[in-house]
Structure formats: structure tokens, C-alpha cells
1. Using only the Cα atoms of segment A:21-537, each taken as one equal point scatterer with no solvent, compute I(q) by the Debye sum, divide by I(0), and report log10 of the ratio at q = 0.07, 0.13 Å⁻¹.
2. If contacts are Cα pairs under 8 angstrom and at least 6 residues apart, what is the relative contact order of segment B:35-209 in percent?
3. For segment B:35-209, max minus min Cα coordinate along each principal axis, in Å, sorted largest first?
4. When A:218, A:318, A:207 are ordered from fewest to most other Cβ atoms inside 10 Å of their Cβ, what list results?
5. Would you report the distance distribution of C-alpha pairs in segment A:188-334 as whole percents per 5 angstrom bin, up to the bin with the largest distance?
6. Between 0 and 90 degrees, rounded to the nearest ten: what's the tilt of helix B:33-64 against the longest Cα principal axis of chain B?
7. Based solely on its DSSP helices, what 222 nm [θ] is calculated for chain B when runs of n ≥ 4 H residues each add -39,500 (n - 2.57) and the sum is averaged over all residues, nearest 500 deg cm²/dmol?
8. Taking a ≥ b ≥ c as the square roots of the Cα gyration tensor eigenvalues, with a/c under 1.5 meaning rounded and otherwise prolate when a/b beats b/c, else oblate, which class fits segment A:26-106?
């Protein structure tokens, strides 16, 4: 039956249904997660021995550049946009996003710039090699002399990604501000919605700065302007400012929705209301505000004057206050709760632990004396992989497991899920913990060969990486197998409280037959207040098939 | 307040009120006029950050560059750009008048002032082109040349886009029933024009006055 929720062809069409687009984002981004993962396997394969022996050095440079770029622009960003797309309209009681067609266009730009980026493997000279931050003057080198080169395609892909993200951000902010159901006041919104709002506001004010820098770099590279070329009077540090003005807040764009996911998942499986809901919600916006004034902490070693270092050290440490508030709120939420350790809960708890660890190394890095010492070493690499793999990827897995029954109408296999969690948790720590001692010992990042004294921890890290590579297999098996022949999911398998759980799994096109009339706060676990006053009118009653 | 079943499914229903707007999103593929304006304002705020980034870059270069003006260049001629500025700023008033005429349903008054705005915008672009063609430096002549052409060019692209939008709105004003769903097209084009205007004033002060 065409148009039915289970009609698979919709997922390959220009659909404007936010739920279809959400799943399109999720599946596309997971494909690129695997691509970026293969690059990571090559990097760790190279680093298992001190010599540069597995791949050529230029290939190695291309690998870490593409690994970072793919993982950020083609995996975490679009994946979280997918979750936001699927969940936000359901959670606020809307029938779709504010601009469904714009939404679809924004999604279809993802495979376009993904293809452009991958096409750089086919041009002479290969892909960009200047790292995901593309600092000039390295990124201005064009040894082949061709107009179309790896770095140029990289900039093009990033620019298109920027346009797509701005479209998405306009859509999300409008949707959340104006499409909430009757009674869904600001302080009745689930925290996930708050965090998506906070993250998308960052996109709106931050991304244009990167676009500006990317345009200037592209002009330098192609038509011969001299903005960033120090040999011709340009200023390469200015690019670093443009880049980090966006790219540090970009970390909050991906971690904020993860905070939202923790805030959704923990109360459900602890059977307790979220502790300090309003404070958790507001602290998301405080993080958004502070994220605009911390970027120079990436540039402590870039000839930054002393007063500037002090100011940005202070602002960076300040941002741990709203973040710490959230962490304590989550701990208080599960404290004394009746925990049910489902796969989603395990991933949320694991992600939380990893996040605390990465937060501690983050504070260390914010301190100028420490940062000057470990700048550009593996300590930094270890820190942000604990954030991005430990917290973000595990948070994404928590969300996928938690909402899998809602999205597909099927239950997942807990056994495979727990195996997936065990492999991921062990693999993450095995892979990324050794990077901290390596960094403190002085091993620089982005090198294909290293001093043999670093061998032990590198071997451990590489084994952890291969374990992480394998950990995706039970996940893929679980997702495909359960979607095809899993047990049919009821409306609300987790006894969760939220508008999305009042609808059948998966919800029908346009979600709500009658808009819900919300009458109570979210997370009313252990209370008996109804969430909406018209629960029986949300859907057309139909015979179970 | 909830829309009825027929409201929801009827794709061709022309009368969309603010209150019922939400219900029609999925059916029509775009938001209610109020949502559209809200989204457009957000977009403009975001767009302004690109300009502010360029402005910030310009200020950094101007205050720190070892060599600022290219050899043989003494400065910029202000007379022509000043005339251009007056034209562009005035066009913000003519477009406002056009909008007022549309509000009181006087289509010909709207078209007249709208066309005048298009003419003024086009003159601005013409003036910009004339200025460029007489300059003694190009965009590869140091960071001064680069930022000058980047800022005026990027702003010029926005003026060009604005004139194109105005042309589309002018043609659409001849379609019967064009304003039944509100005046979002005209209102947003007008807002965009004011935005381009304000950006130009900052740009003019930065590049031409602060030499």
C-alpha cells in the first residue's frame, strides 16, 4: 500500500514527511560512519608499528583529514539532524516540521556533498591532506597545479554542508518556536527539544563565520587572492579565528542533543522524574551563549597574546559550570532509582561516564600551562575522542535503541544489543585511553611514524580500534534483523512518558489526527498526572493488523 | 480550535488563517505566512554573521597588515560611492512606500514605486561596476585589494539577488489572486532590501570613510 508507514520505497524518494527524512538522515549518516571507520582502521593499522609502512605518508595525511571530515560533517551532524527530525515534531505535538520541503532539500544535499568529498579520491593528487581544520598555509599548497584538487573539493563540500545546515537550523528553530501543540509551553518541552534548539542556534550564529573563512580560503586557492598566505602579506591566524569561532561551538552542536538524549533516556529506565528539569533546560541555552566566547582556547599556541589566553581560559572553564549542573542532575536522576539496564540505558550510562572523563581532560586542556605543553599531541586526540566517540556515539546508540521500536514498529534484540554495548565500551576505552599517556609523553598527532618508545600504547590503541570496528557488526545485524523480523512493538514498550509514546509504532503520516492538548510537565514518572487531556483522540481507532 | 478532518486533508483549500496554519504544513509543503516570516528573519540574522565575519577580517587586516594599500594606490575615491549610497538608502524609502500602497490595495501605486526601487537598485549595481572598472588595483593586490573586492562583491551579489527577487514579485503582482495567501513575498523581499541597505551603510563607513 503506497504511503503506508511501512512502504520501504518512501525512504528512497523525495519525501517531505519528517519521519522519513529522519530515517534517511540516520541511514545515510551511518553509511558514512562506516566509511570514516574504514579510514580510522587504516590510520590505526599504520600506527601499530613505529615505521611508516602500511600506507604512503601522503595517503596517511589524506586518511586523517578525511576521517575527521567525514565523522563530523557526514556522520555526527547528519545523524543528530536525523534524530532531531524524527523526534522534535513528535515531542512538541506537531504534524511535521515548519518547512517540510526545505527539510527534504537540506537532507538531499548530504549525499551530494558526501559524493563531492569522496570524489576527491579520484582527482590527481588525491584528497585534502591539511587535516579537518584546513589551516593555511598547508591547505594552500597545490602541488598538482590543477584548479580541481582535493583541497578545493573539500572546501566545496564543506560549503554545501554549511548551506544544508543553515536550512536545517532555520527549520528547527521555527518549528520549535512556533509549532508547539496547545498547552506545550516552553517549560513543558522535553529536554531533547531544548538541546536541539540550543544546538541549532549555534549553527545559525557560528556556521556563517566558517563559511566566510572557507570562501576566503577557496579564493586564495583558486583565483590567487592573498588573504591567508603569509608569503604575500596574508594572515594565516585569521583563518584559525574564523575556523574555531564555528568549529569549537560545533562540538556543542553535537554534544547538546546528546545531553538531551541522556535527559530523555535516564528518567525512563530509572523510573524517576528528571532532576532539576528547568535548570537542565536553561543550562543548554547558557552553554550556547558561552560557546560563542571560548574559541581561542584552540589557539593558545598560535602566538596568542597573554591577556587573550587568560580571558579565554576563564571563559572555557566557565562553560563547565552549566555542563556540570547537567551531569549532577543526571546523577541525581538515577540516584535511588529503580534502574532497568536495557541496552539503551547501558549506552546512556556508558556515555555519561565517558563524558565525565572527557570533561576532566577538557578542563586540563583549558588551563594554558597544560595546553601549551600538550598542544598538538595525542592528549588532545584522546580528549576529543572521549567526547565524540565516548559520549556522542554512545549517546547516539542509546537514542537509536531507545526509539528503535517507535521508528520501525519492531523490538530489537537485547542480547545483540548488550554484546554491542560491551564491545563498544571496552573498545572505546582501549582505543582512546592510551592516547592520554602517549600525549603526556610527547607523541605528536598526525604523524605516520613515531619513536619506538611509544610502541606499547599504540599497539593497545590499535587493538582497541579494531575491536570498535568489530563492535558495529552486532549492531548492523541487530538493526537489519530486528527491522525485518523483530517482534512487533506496542505503542509504549518502555512505559515512557512523552507525546511520541502515545502514538502507534511507527506513527502515521502527519502524526496526530487531533493535536494533543498538553496538561502537565514532562518526566512525570511516579506521578499519576495525565500528559494530555485528549489521549484517545490523537489517532484514528483502527483494527490491529 | 482544532481543525476538522476535511480541513486537514484538503490540499486545495486556499484560505489559511494564522490559527489554522499549523494544520496545513504537511499538506502544502511550506509553513504558514507567519512561520515563513519568522524563518526568513532567522535566516537574515544568520546571513548577517557572514558579513560581520568579513568586516571583522577587514578590521584585523587594516589595523595589523604590514603593507595595506598596494603600491601606487593612495586611497579610494569617495564621490561616486557616496552617490551610490544615497541612491541605495533612498530606495529603502521607495520600497517602503510601495509596500504601503499594497497594504491599501492600490496595485498601480505599488508597481510604480516597486519599479522605481528596481531602477535604483540597478543603478547601484551599474555604479559599482563603473567604480570597479576604474580602479587601479585588482583582487590579487594584497589583502587590501582582496578584502575590497570581497566585501563590495559579496554585497553586490546580495543587491543583485534583491533586484531579481523584486522583478519576480513585480511579475507576480499581475497574477490574479496572488495576495490571497498574504504578502509574504513582498514583505520578505522588502526586508531583504532593508538588510542589504544597512549592510551597505556599515560597509561604506568601514571602507570609504575610515581610510
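Computed from the coordinates by the stated procedures, all read-outs in this text should not be read as laboratory data. Every value quoted in this text rests on a predicted model; they were computed, and no experiment measured them. All Cβ positions, even for glycine, are placed from backbone atoms using ideal geometry, and neighbour counts span all protein chains on display.
1. With one equal scatterer per Cα and no solvent, log10 I(q)/I(0) is -0.37, -1.34.
2. 31 percent
3. Principal-axis extents of the Cα atoms in segment B:35-209, largest first: 59, 31, 21 Å.
4. Numbers: A:218 18, A:318 14, A:207 25.
Least to most surrounded, the residues fall as A:318, A:218, A:207.
5. 2, 10, 16, 17, 15, 12, 10, 7, 5, 3, 2, 1, 0
6. For helix B:33-64, the angle is close to 10 degrees.
7. On the way: 7 runs with 150 residues, N = 211.
Value at 222 nm, helices only: -24500 deg cm²/dmol.
8. Numbers: a/c = 5.18, a/b = 3.45, b/c = 1.50.
It is prolate, given that a/c is not under 1.5 and a/b is the larger ratio.
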